[in-house]
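First up is the structure itself, then whatever we jot down about it.
The values are calculated or read from the model by the stated rules, or taken from the named source; none is laboratory data. For clarity, every value in this text was computed on a predicted model and none was experimentally measured. So basically every Cβ, Gly included, is an ideal-geometry build from the backbone, and we count neighbours across all protein chains shown. Heavy atoms of the whole protein, side chains included, go into the accessibility calculation; ligands, DNA and RNA do not. Shrake-Rupley method; radii C 1.70, N 1.55, O 1.52, S 1.80 Å.
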Amino acid sequence: MGSGIRVRLVNYTKKPLETVTWAALISYWDGWETGAFERMSELDVERHLPKILGYGHESILEHAVLTFAVEGISRITSHQLVRHRLASYTQQSMRYIKLDTEDVGETFVIPDSIGKDPELLEEWRELMKRSIELYKKTVESGVHQEDARFILPQAVKTKIVVTMNLRELKHFFGLRACERAQWEIREVAWRMLEEIARNDELRPIIRWAKLGPRCVQLGYCPEGELMPPGCWKRTRERWKALTGSKQEV
């Protein structure tokens with residue numbers, strides 16, 4: 001039960017922060033030229049990028065894109081994920097890939113909240129087991145898996161490749177890393193953030209662009225009384241631990 005989510009950053013724009021900074025300089029640097037990109041240094045990035053982002057000039061973030069592989073999420077969560085339309089997705093097809101396991105835990109995501117009630121959990125597992133059995137019986141009867149899949153619950157696990165630019169990632173994190181987000185998509189968001197934080201080349205942009213939930217981005221909680229007690233403090237502490245920042249946010 002719970003989270004068997006796996007998220008991995010598999011690719012990103014070469015020299016992402018240099019690319020973003022170089023693009024930004026066209027707006028106010030007379031010496032900008034295409035060849036200037038090769039001369040961009042970490043010092044140039046540190047000198048210009050935090051200041052530019054501090055002014056709120058975020059369109060430059062669109063020049064760097066990141067690609068993630070996400071596995072072990074339910075189709076409930078993948079449906080939420082693809083609502084972020086300024087992104088590219090390629091998802092495991094249940095039309096072409098046939099379900100070939102009878103293990104309920106390997107096949108479906110069961111929320112931890114269900115496990116708190118053993119009797120309810122057993123009913124869930126029985127229903128999921130029955131759906132697998134009926135799926136296989138349907139396929140064995142000669143029906144193509146594109147129709148047999150109709151029997152499977154939305155809890156069935158899936159895999160998806162996600163590509164977003166940094167500006168859309170900021171929007172995604174703002175909504176989905178919040179404690180009010182559904183638990184599974186929130187876990188995906190934080191794991192994507194953790195992948196960025198593990199990358200030395202990308203880590204500084206988390207702090208400079210405030211990649212994180214909206215309370216981090218705005219400096220206050222826009223959800224107000226809708227939020228559980230203490231969530232703002234918990235979220236900010238988690239974000240600061242991720243970035244290694246000792247500054248207040």
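Points worth noting:
- Database remark: amide H of Lys159 closer than 5 angstrom to the amide H of Gln92 (H placed geometrically; neighbours at sequence offset of 5 or more, or on other chains; Pro and chain starts carry no H).
- Translational D in µm²/s for the chain (Stokes-Einstein at 4 °C, 1.567 mPa s, Kirkwood Rh from C-alpha pairs): 64
- Calculated diffusion of segment 1-101, Stokes-Einstein form, Kirkwood radius summed over Cα pairs, 4 °C and 1.567 mPa s, µm²/s: 77
- What separates the Cα centres of segment 1-51 and segment 176-249 is a distance of 21 Å.
- Of all accessible heavy-atom area on segment 131-192, the percent that carbon and sulfur account for (1.4 Å): 48
- Anchor Lys129: lysines whose Cα lies under 28 Å away (excluding residues fewer than 8 positions away in-chain): Lys98, Lys116, Lys137, Lys157, Lys159
- Of the residues Leu193, Leu81, Leu218, the one that moves most in a GNM of the chain with alpha-carbon contacts below 10 Å is Leu218.
- Exposure ranking of Lys210, Lys14 by accessible area [1.4 Å probe, largest first]: Lys14, Lys210
- Taking a sphere under 15 Å around the Cβ of Pro118 and counting the other residues whose Cβ falls inside, with K and R at +1 and D and E at -1, yields a net charge of -4.
- Cα Rg over Rh - segment 127-206, Kirkwood: 1.19
- The string of couplings for segment 185-192 from the Karplus curve (6.51, -1.76, 1.60, θ = phi - 60°) is 5, 5, 5, 4, 4, 5, 5, 5 Hz, one whole number per residue in order, with x for Gly and Pro.
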